[in-house]
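Note sheet for the following structure.
The values are calculated or read from the model by the stated rules, or taken from the named source; none is laboratory data. Since the structure is predicted, the reported quantities are computational estimates derived from the model, not experimental observations. Cβ placement follows ideal geometry from the backbone for every residue including glycine, while neighbour counts extend to all protein chains displayed. SASA here: full protein model, heavy atoms, side chains in, ligands and nucleic acids out. Shrake-Rupley method; radii C 1.70, N 1.55, O 1.52, S 1.80 Å.
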Amino acid sequence: MNIDLKGQLKQHPGLAAIYEEAAAAIAAAGTEDALEAARVRHLGRKSELSRLLRAIPEMPAAERPLVGKLGNQARAALEEAMAGRRQALEAAALEERLAQERIDITLPGEPFPGGRLHLITQTLWEIEDIFTGLGYRIAEGPEVETDYYNFTALNTPEGHPARSLHDTFFIEGEAGVLLRTHTSPVQVRVMEKEDPPVYVIIPGRVYRRDSDATHTPMFHQVEGLAVDEHITMADLKGTLEAFAKSMFGAERQIRLRPHYFPFTEPSVEVDVSCMICGGKGCRSCKQSGWLEILGAGLVDPNVFGFVNYDPDEVSGFAFGMGVERIAMLKHGVTDLRMFYDNDLRFINQF
Amino acid sequence: MKVPLSWLKEYVDVDLPARELAGRLALTGTEVERISHAGLPAGDGNLNRFVIGRVVAIEPHPNADRLSLCRVDTGGATAQIVCGASNFKEGDRTAVCQPGGMLPDGRRLEAAEIRGVRSEGMLCSESELGLAAKSAGIMILPEDAPVGGRLVDYLPVSDDVLELEITPNRPDCLSVYGVAREVAAITGSRLRTMPVCDIKPRGDDNVEELVSISVADPSLCPRYGVRLIAGVKIRPSPAWLKARLAAAGLRPVNNVVDITNYVMWTIGEPMHAFDMARIAGRRLTARRAAAGEEITTIDGGRRRLGAAMLVIADGEKPVAIAGVMGGQDSEVAAGTTDILLEAANFDGRSIMETSMALGLRSESSTRFEKGLDQELVPQALAMAARLITQIAGGRLVPGQFDIRAKPFEGGATHIRPERVAALLGVTVPAAEIRAILSKLGFKVKKEGSGLHVGVPSFRADVEREIDLVEEIARVFGLELIPPSLPSGMRAIGGLTEKQAATRRLARLLAGRGLNEVITYSFIGGDFAGRLRLGDDDPRRQAVALANPLSAEQSLMRTIMLPSMLMSAAANLAQRNFDANIFEIGRVYTPLKGKKLCDENEVVAGCLCGSLRGPSWRGNGPEPDFYAGKGLVEAMFKELSGWFAVDRTREPFLHPGKAADIFVDGSCVGHVGEVHPLVLRAFDIDRPVVAFEVLLEGLIASSKGIAVFEDLITYPASFQDISVIVDEDMPAADVIAVAGDAGAPLLHSARVFDIYTGSQIGAGKKSVALNLEFRSPQRTLTDAEVDSARALIVQALEEKLGASLRL
Ligand SMILES: [Zn+2]
């Protein structure tokens, strides 16, 4: 349209001159004030263009339509140019102001307070999530427990040599009451209450009377129990392999080593291939390429006897792991005691 | 259990290197803690530098009185060696360390000039070879030692040692022979026979006439065997025996004691030798200790015995704590000539209890407490009698005591191959089952469709089919079991409502800037005093540990606050000033007449530092009551619940700046500033706000699943009003009155300002409320809102004496 207008304006050199001068002034206005002055001068009531348009009635009749049309077109074009120029000047002024509002972007941001969950909690939840995903429920039970559930019903009668390995805290004034030394007693409590199939894990605090660089008197275990028809050692192996891969990475392997626990038979200890050296051997795995992570086995028929399950009808597996150990391996924590010092410089790292 | 490899190889023909053997043991159920090395370092040809030499000539050293100059035949060559010892003569055979040889302590010997004379090696003492703690001179070897031969081929002075962790069900493996049997089974190597053979007694006397032996308590002592060896000579043991014991980590004492230890280590039966001359009345009785009896054991400890403990007593007093440790008075020593040799079988549980009660563990008690094979009794006596007469001289006196309640009856069970497959998830062929069990010492024969399995005396741990399944699994190879998941799995996993709520609350508090701590569940007995609990406060009644590690960890907590304050104080002491922490843990409340206590989950926390975190823009407000209450509100909101408050009655909180929390009329917790005296008792020098809410209370208040309410289709109208009321009027009363009067259009009334000051006069305050009116059915008209507002103002004026602030 502008080019078209310029061509048409050739028919009226006076108007063309007025237009060219006004357009140049608008384009040259470097500030909003200069632009306003140009508007008054070239488009205002007293401007040459306004005067020319006002003079149209006095023009010869033959000229009037052409001058009227071209004059109004020129005015519209100039007003458009004016608006465009104003927008450009405003934008430039804004940019200039923003450019001056510089702050130090290297200073730290607002510390929206964010606390951390204890590493034990994070690890527990991770373990719980893996097993709930496999179809397990989470069971809980008392920490102040009877000798019966902690030992006897787990095929560890009084006088059993395994008892002396437990460093048990006993409760004053209540014979046969103690702080549970593992979360296994909850196995028995669950089986007493429910018929098979049972698929549960049991996380929680446990206690042993031992305190040094590698022992704290309280720590955490997760126990697992699956009882159903046709549960096999192969199922135990597959379940723990699934766990190890979820917890420590898909490339991890597990291996079972025969062991002894009173309440499982056969019993095994389970190693995971070392996540630090990838199994090649390093200091953490004592050059073996394997790290022990848990104990497990098929539920001993004697334990089923205590809860009136028929070992000819059902079989089961159980496993137990130390949560601190898992967290230490996964996060490279070197001192067990740090979990219970609760120093925020420790807690905030995870 | 330390098993020197060369000792092991006396009983099993196994060729595997130590590391491979250890790997095989580990994967079949015998954990190898480490492989260590005893005696002379191996490798780098070191063992070739220790040879047997014969002293050809001894001359005085030209420049030193105490040294001699020896010429030593080392087999084909003669070495000149300077020696400081004088306990040998020309013709003696001894161990020669040639230049470059490295001793067990890491010292390396080089050829050197000693006082101007060249010495091409060293004549070794037992202590230098690691066979004894101290030696008076060099080691003199017997005449049969082949001159020029390597020492290591003659004496076990360099050995790889398997350090095994034997599980408590396998006391048979607490012996070199037991481990050999295991190794034979898992490697298919040949097992040699047990090194037990009887020797002929000599003489026309009889031990049964010379001494009197009896068992007064057969339940604690199922078998008791004694033999008499007369005329022994107590001396240090020969070098081979010392080397064996040293490699096993046992300290050589004298020949007789060393032999009893050697027998124990070889076949697993602890033994004891009494000096017969020091046995009063020449009688031994296995009986329970009498109250008040004492004994000084061979380690020098004075032990007070309890009536449940089994002792071996002579005619006057206890001479041994049965199966645990012998007494000093009757121990075999330098002048002993006649020894009563004891091998017995004691009740495992009794030994364990005695050992625990006395705090005294020994190689003997750790074996007996696991329950030993009774058949070891005659075997140990025969083996020891042969070795003693060979090494210490003397003669085995005819006759013996072997007192037992009943003879050993072998156990038996059966196994079905299909049961093995059903439990392991892999098929093990019947022939392989047979082979595995036979190699382990079981007697297997066909019986119906399965196998009848006779259990040997040394495997009392095997009683049932499942025990055999374990034996098969571990020898067959757990690595051959294919992994699978339970085939019938039809369970649905997930969290309970309470577990889910716990997680939500923990995430909420962490999201609000609190760090989670996990503190011990036990606290110190002084907590009640530090918290200023009243004498009749039920929280003083805590579950107490009978055997706490320390007074600070002696009670199970009945309240979380002490744990929170201790954790906060520890952090503040470490200059972790933003110690805003929480814990979700249990409190333990004893129940009258019940064995077990109540264990209730509690969400507790305390705020000691800035709520904003340290920032160059300022640290934000310090925590106060309202900060704590805001967290409590957030927790209840998280579970779609709510609570009521009342001024606190807790003695450990600020009486004016704390509240008790109620759900359905029951107190479920508290929140507020901690009493300054309590803070002082926990060494905290800054204000602390604490909260503690029973998880059950939070859950009880929950309205459950959130149900949609339409706040979107029709807009709300907002009005602000300020009313002047008495200064101590609770804001909650103002809101309650407004709520009643504004119903049903008033949706909420929120306090947005509190003002006290000269503009409204003393004793008064202005409460500014933001009122939100809405209807779920329509947009409200101005007239409706105005009239509802007027009703609210009127009610506040009439019921609370409020006046509208204009
Ligand atoms: Zn590694």
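I need the peptides A:276-286, B:791-801 ranked by packing, meaning the mean over residues of other C-beta atoms within 10 angstrom, with the highest value on top.
Most protected by this proxy first, the peptides run B:791-801, A:276-286.
Which net charge results for the neighbourhood of B:Gly130, defined as the other residues with beta-carbon distances under 11 angstrom from its beta-carbon, given Lys and Arg at +1 and Asp and Glu at -1?
Values: positive: B:Lys242; negative: B:Asp105, B:Glu126, B:Glu128, B:Asp159.
So the environment of B:Gly130 carries a net charge of -3.
I'd like the orientation of helix B:497-511 relative to chain B: the angle between its Cα long axis and the longest Cα principal axis, in ° from 0 to 90, rounded to 10.
80 degrees
To the nearest 10 degrees, how steeply does helix B:348-358 sit against the main Cα axis of chain B, on a 0 to 90 scale?
Approximately 70 degrees, to the nearest 10.
With each label point set 7 Å from Cα along the Cα-Cβ vector, what nm distance links A:Glu21 and A:Ala250?
7.9 nm
May I ask you to compute the full-extension gain from B:Asp15 to B:Lys406, defined as 0.36 nm times their residue separation minus their alpha-carbon distance, rounded to one decimal in nm? Spell out each step's value before the answer.
On the way: separation 391, 0.36 × 391 = 140.76 nm, distance 4.15 nm.
Length gained, B:Asp15 through B:Lys406: 136.6 nm.
I'd like the distance between the alpha-carbon centres of segment B:672-709 and segment B:80-119, rounded to an integer number of Å.
79 Å
Can you order the peptides B:640-653, A:95-108 by their average number of other Cβ atoms within 10 Å per residue, highest first?
Ranking, from highest mean packing down: B:640-653, A:95-108.
Taking loop as defined by DSSP and a crowding limit of 15 other beta carbons within 10 Å, which chymotrypsin sites (Phe, Trp or Tyr not before Pro) in segment B:389-465 fit?
Answer by residue number: B:Phe408.
If I take R0 = 41 Å and measure r between the Cβ atoms of B:Asp105 and B:Ala357 in this structure, what FRET efficiency does the formula 1/(1 + (r/R0)^6) give, to the nearest 0.05?
Numbers: r = 40 Å, r/R0 = 0.97.
The computed FRET efficiency comes out at 0.55.
Going through segment B:99-133, which trypsin sites (Lys or Arg not before Pro) have at most 15 other Cβ atoms within 10 Å and a DSSP loop state?
Filter output for segment B:99-133: B:Arg107, B:Arg115.
Using the Karplus curve 6.51 cos²θ - 1.76 cosθ + 1.60 with θ = phi - 60°, work out ³J(HN,Hα) for each residue of segment B:185-194 in order, rounded to whole Hz, and write x for Gly and Pro.
5, 8, 10, x, 7, 7, 9, 7, 6, 4
Determine the total buried accessible area between chain A and chain B, counting protein heavy atoms only with a 1.4 Å probe; round to the nearest 100 Å².
Interface area, both chains combined: 7700 Å², rounded to the nearest 100.
Give me the accessible area of A:Lys6, 1.4 Å probe, in Å² rounded to the nearest 10.
Ignoring ligands and nucleic acids, A:Lys6 comes out at about 100 Å².
Between B:Asp153 and B:Ser214, what is 0.36 nm times their sequence separation minus the Cα-Cα distance? Round to one decimal in nm.
17.3 nm
Expressed as an acute angle from 0 to 90° and rounded to the nearest 10, what is the orientation of the C-alpha long axis of helix B:731-742 relative to the principal long axis of chain B?
Between helix and principal axis, roughly 50 degrees.
If you take every residue apart from B:Ala57 with its C-beta less than 14 Å away from the C-beta of B:Ala57, what net charge results, scoring Lys and Arg +1 and Asp and Glu -1?
Residues close to B:Ala57 contribute a combined charge of -1.
How much of B:Tyr520 can a 1.4 Å solvent probe reach, expressed as accessible area in Å² and rounded to 10?
50 Å²
Take segment B:207-404, compute every pairwise Cα distance, and split them into 5 Å bins from 0; I just need the percent in each bin.
1, 8, 18, 22, 23, 16, 9, 3, 0
Zone of B:Ser487 (label point 7 Å along Cα→Cβ, backbone N under 19 Å): which residues in segment A:295-313?
Zone members listed by number: A:298-299, A:311-313.
Points 7 angstrom from Cα along the Cβ direction at B:Trp642 and B:Gln541: gap in nanometres?
For the pair B:Trp642/B:Gln541, the computed spacing is 3.6 nm.
Quick check: at a probe of 1.4 Å, how many percent of the accessible area of segment A:119-347 sits on carbon and sulfur atoms?
That share works out to 47 percent.
Is there a simple number for the mean count of other chain Cβ atoms within 10 Å of the Cβ of residues in B:518-524, and what is it?
For peptide B:518-524, the averaged partner shielding equals 5.
Assuming R0 = 30 Å, what is the FRET efficiency of B:Lys799 and B:Val751, from their Cβ-Cβ distance, to the nearest 0.05?
The pair B:Lys799/B:Val751 has a calculated efficiency of 0.95.
List the pairs from B:Lys200/B:Lys233; A:Lys193/B:Lys498; B:Lys233/B:Lys317; A:Lys245/A:Lys286; B:Lys200/B:Lys406; B:Lys134/B:Lys200 whose alpha-carbon separation is above 29 Å, in the order I gave them.
Violating the 29 Å Cα-Cα cut-off are B:Lys134/B:Lys200.
Could you work out the mean count of beta carbons from other protein chains within 10 Å of each residue's beta carbon in A:200-208? Display every interim value, and only then the final one.
Working: counts 2, 1, 0, 1, 1, 5, 0, 6, 0.
Partner Cβ neighbours, averaged per residue: 2.
Taking the solvent-accessible surface of protein heavy atoms with a 1.4 Å probe, what is the per residue accessible area of the protein assembly as shown in Å²?
Working: 51100 Å² over 1156 residues.
With all protein chains present, the protein assembly as shown gives 44 Å² per residue.
Need the C-alpha centroid separation for segment B:625-656 versus segment B:463-507, integer Å.
Taking the Cα centre of each part, segment B:625-656 and segment B:463-507 sit 43 Å apart.
Before rounding to the nearest 500, sum -39500 (n - 2.57) across all DSSP H runs of length at least 4 in chain B and divide by the residue total; then give [θ] at 222 nm in deg cm²/dmol. Before the final figure, lay out each step's value.
Details: 21 runs with 208 residues, N = 806.
It lands at -7500 deg cm²/dmol.
Averaged over its residues, how many other protein chain Cβ atoms are within 10 Å of peptide B:26-35's Cβ atoms?
The mean count of partner-chain Cβ atoms within 10 Å per residue comes to 3.
Got a number for the accessible area of A:Phe350? Probe 1.4 Å, square angstrom, nearest 10.
Accessible area of A:Phe350: about 30 Å².
Just to make sure I understand: if all protein chains stay in place, what is the order of B:Met194, A:Met191 by accessible area at 1.4 Å, largest first?
The residues order as B:Met194, A:Met191, largest area first.
Could you give the nm distance between label points at B:Ile35 and B:Ala64, where each point is 7 Å from its Cα heading toward the beta carbon?
Distance between label points: 4.0 nm.
For every other residue with a beta carbon closer than 10 angstrom to the beta carbon of B:Ala18, add +1 if it is Lys or Arg and -1 if Asp or Glu, then tell me the sum.
Neighbourhood net charge equals -2.
Enumerate the amide H contacts of B:Gly101 below 5 Å, restricted to partners 5 or more residues apart or on another chain; note that Pro and chain-start residues carry no placed amide H.
Close amide H contacts, sequence-distant or interchain: B:Leu109.
Rounded to the nearest 0.05, what FRET efficiency do A:His230 and B:Arg190 give with R0 = 30 Å and r taken as the Cβ-Cβ distance? Could you check?
Calculated value: 0.15.
Among B:Lys765, A:Lys330, B:Lys406, what's the order by accessible area (1.4 angstrom probe), most exposed first?
B:Lys406, A:Lys330, B:Lys765
What does a probe at B:Ser86 reach in segment B:137-175, counting residues whose amide N is under 20 Å from the point 7 Å along Cα→Cβ?
Only B:137-140 pass the distance filter.
Compare B:Asp537, A:Asp4 by solvent-accessible area with a 1.4 Å probe and give them largest first, with all protein chains kept in place. Present the calculation step by step, with values, prior to reporting the outcome.
Numbers: B:Asp537 20, A:Asp4 90 Å².
The most accessible residue leads, giving A:Asp4, B:Asp537.
Of the heavy-atom accessible surface of segment B:569-712 (probe 1.4 angstrom), what whole percent is carbon and sulfur?
Accessible surface attributable to carbon and sulfur in segment B:569-712 totals 54 percent.
If I stretch the segment between B:Tyr626 and B:Asn770 completely, what's the gain in nm (0.36 nm per residue apart, minus their alpha carbon distance), one decimal?
49.9 nm
Of the listed peptides B:15-23, B:341-349, what is their order by residue-averaged count of other C-beta atoms within 10 Å, with the highest listed first?
Top of the packing list down: B:341-349, B:15-23.
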